[in-house]
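J.: Following this message is one structure expressed as structure tokens.
The values are calculated or read from the model by the stated rules, or taken from the named source; none is laboratory data. For clarity, every value in this text was computed on a predicted model and none was experimentally measured. Reconstructed Cβ throughout: ideal geometry from the backbone, glycine too, with neighbour counts over all protein chains shown. Note: areas computed on protein heavy atoms with side chains; ligands, DNA, RNA excluded. Shrake-Rupley method; radii C 1.70, N 1.55, O 1.52, S 1.80 Å.
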Amino acid sequence: MGQHQLSDHTTLRLGGPAPLWLSHTHEADWPDLARTAAAHPGRPFTLGGGSNTLAPDQGTTRPVIHMATRGIRTRHLADGQVEVIVAAGHPLAALVAHTVADGLSGIEYLGGIPGTAGAAPVQNAGAYGQEIADRLAAVTAHDWTTGRTTRIPAAECRFGYRTSRFKQHPNRWTILTLTLHLTASTAAAPVTYQHLATALHAPLNSSPPLAEAAAAVLHDRAARGLLLPQAGHDHRQAGSCFLNPTVTDDQVHALRSQGAPLYRTPVQTWRASAGWLLEACGYRPGAEVTRGVNSSTSRTLTLTAQADATASGFRTALEEMAASVHTATGIALHPEPAAV
């Protein structure tokens, strides 16, 4: 334990003190750490890479568990399937790189997504037609309601578009490990996104070599401002700030008449582009939204913290943008960054 500033552990570099700080680095230490956390008032907040976190300026009195475990174990199953067990603190990007290097297909299109492996099921992280839910067999997680650590099969995780039971009931569980079932293959999953196919110089629905596909994802994400920059004007950010919203049939008709991009989901609902909606309301890349908070220079949908930013100002910017879209279209935008 010890005094930590949340701003030192979030990519927005915002947030005040966290006096009850518990760093989880070794799997065997979890029972002792969980007992220590449970002895303090307030449900613990689990912090991984801090890339999707909006921490309050005043800090928090709740215990903060910094998930810093590392490690990947593999076991061959039948029919070319390989079980991969990864510690929750392992960076997701490093997990993807490891599986690609090992010739395992199933999460190759998730490269470049920031944060830890343990955060991926919370958001049901996805890109280019892949989601972590597609290959997740189970998680082990500590349930702060019951005080027990348990194995939760993927079928019980209630996965949806960028959501899960872990997101729907925030702070109830701390995910400790993920078990994935991947496929031993030299080929990637079929390419279903045109801009990725273009980057690969490959036709849609083709299955390019695994390493080439993974490299093309990183190239395409970089070109579209979807990688967290290490320095520069845009480096203090939390990625996309709003989910693409579900829209009604009437809204689909109105948006289509304006040339808005629309996406059909696997459950036959429609989603609009949050970025397009914001730009239709006058927001632009690089422009200031509130004091110290700008859209990134490459994407309206990504907000960045500048030198005089505060967490309360960042939250105000999210509220103002969502209100503008709702006033103009009746469509509700839901912010992505999780509040401590």
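J.: Based on this model, can you work out whether Thr246 counts as open to solvent by 70 Å² or more (accessible area, probe 1.4 Å) and not acidic (Asp, Glu)?
T.: Yes: the conditions hold for Thr246.
J.: If you don't mind, another one. Considering only residues of region 255-273 that are closer than 12 Å to Pro245 by Cα and among the aliphatic types (A, V, I, L, M), which is least open to solvent (accessible area, probe 1.4 Å)?
T.: Taking the candidates together, the pick is Ala272.
J.: Does region 247-260 contain any residue that is on the phi > 0 side of the Ramachandran plot and of a type outside the set (Ser, Thr, Tyr)?
T.: Yes, region 247-260 has at least one match.
J.: Please list, ordered by first then second residue, the pairs with beta carbon atoms under 6 Å, 6 or more apart or interchain, first in region 147-172 and closer than 21 Å to Ala38 by Cβ, second among the aliphatic types (A, V, I, L, M) and open to solvent by less than 80 Å² (accessible area, probe 1.4 Å).
T.: Short answer, once both residue conditions are applied: Arg151/Ala138; Ile152/Val139; Ile152/Ala141; Phe166/Val122.
J.: Just for region 1-17: of the residues that are in contact (Cβ under 8 Å) with a residue 60 or more places away in the chain and of a type in the set (A, V, I, L, M), which one is farthest from Gly71 (Cα to Cα)?
T.: That would be Leu14.
J.: Would you call Gln230 within 22 Å of the chain's Cα centre (by Cα), open to solvent by 60 Å² or more (accessible area, probe 1.4 Å) and polar (S, T, N, Q)?
T.: yes
J.: Turning to a different aspect of this structure: Counting only residues that are of a type in the set (S, T, N, Q) and open to solvent by less than 40 Å² (accessible area, probe 1.4 Å), which one in region 282-305 is nearest to the chain's Cα centre (by Cα)?
T.: Thr302
J.: Sticking with this one: Exactly one of these conditions fails for Thr248: (1) of a type in the set (Ser, Thr, Tyr); (2) in contact with a helix residue (DSSP H, G or I) (Cβ under 7 Å, 6 or more places away or on another chain); (3) within 20 Å of Leu333 (Cβ to Cβ). Give me its number.
T.: All conditions are met except number (2).
J.: Another question about this same structure. Can you pull out the residues in region 155-166 that are open to solvent by 20 Å² or more (accessible area, probe 1.4 Å), at pLDDT 95 or above and either part of a strand (DSSP E or B) or touching a helix residue (DSSP H, G or I) at 6+ places or on another chain (Cβ under 8 Å) (or both)?
T.: Those that are open to solvent by 20 Å² or more (accessible area, probe 1.4 Å), at pLDDT 95 or above and either part of a strand (DSSP E or B) or touching a helix residue (DSSP H, G or I) at 6+ places or on another chain (Cβ under 8 Å) (or both): Glu156, Arg158, Phe159, Arg165.
J.: State whether one or more residues within region 111-134 are under 27 Å from Pro335 (Cα atoms), small (Gly, Ala, Ser) and open to solvent by 40 Å² or more (accessible area, probe 1.4 Å).
T.: yes
J.: For region 35-77: of the residues being assigned to a helix (DSSP H, G or I) and of a type in the set (A, V, I, L, M), which is least open to solvent (accessible area, probe 1.4 Å)?
T.: Looking at residues that are assigned to a helix (DSSP H, G or I) and of a type in the set (A, V, I, L, M), I get Ala37.
J.: Evaluate region 213-227: report whether one residue or more is farther than 30 Å from Gln306 by Cβ and surrounded by fewer than 18 Cβ atoms within 10 Å (Cβ to Cβ).
T.: yes
J.: Could you please find all residues in region 1-34 being open to solvent by 50 Å² or more (accessible area, probe 1.4 Å) and assigned to a strand (DSSP E or B)?
T.: His4, Gln5, Ser23
J.: If a residue has to be without any contact (Cβ under 8 Å) to a residue 60 or more places away in the chain, outside any helix (DSSP H, G or I), on the phi < 0 side of the Ramachandran plot and over 17 Å from the mean Cα position of the chain (by Cα) to count, how many in region 78-109 make the cut?
T.: 2
J.: Are any residues in region 197-212 surrounded by 16 or more Cβ atoms within 10 Å (Cβ to Cβ) and either in contact with a Gly (Cβ under 9 Å, 6 or more places away or on another chain) or farther than 30 Å from Leu77 by Cβ (or both), and if so, which ones?
T.: Once the filter is applied, which keeps residues that are surrounded by 16 or more Cβ atoms within 10 Å (Cβ to Cβ) and either in contact with a Gly (Cβ under 9 Å, 6 or more places away or on another chain) or farther than 30 Å from Leu77 by Cβ (or both), region 197-212 yields Ala197, Ala199, Leu210.
J.: Mind checking which residues of region 168-188 are open to solvent by 20 Å² or more (accessible area, probe 1.4 Å) and more than 16 Å from Ala138 (Cα to Cα)?
T.: Gln168, His169, Pro170, Asn171, Arg172, Thr183, Ala184, Ser185, Thr186, Ala187
J.: I'd like to know if region 139-153 contains one or more residues that are outside any strand (DSSP E or B), under 17 Å from the mean Cα position of the chain (by Cα) and either of a type in the set (Val, Ile, Thr) or modelled with pLDDT of 95 or more (or both).
T.: The answer is no, given that none of the residues of region 139-153 is outside any strand (DSSP E or B), under 17 Å from the mean Cα position of the chain (by Cα) and either of a type in the set (Val, Ile, Thr) or modelled with pLDDT of 95 or more (or both).
J.: Considering only region 313-340, state which residues are in a helix (DSSP H, G or I), open to solvent by less than 60 Å² (accessible area, probe 1.4 Å) and touching a residue at least 12 places away in the same chain (Cβ under 8 Å).
T.: Matches in region 313-340: Gly313, Phe314, Thr316, Ala317, Leu318, Met321, Ala322, Ser324, Val325, Thr329.
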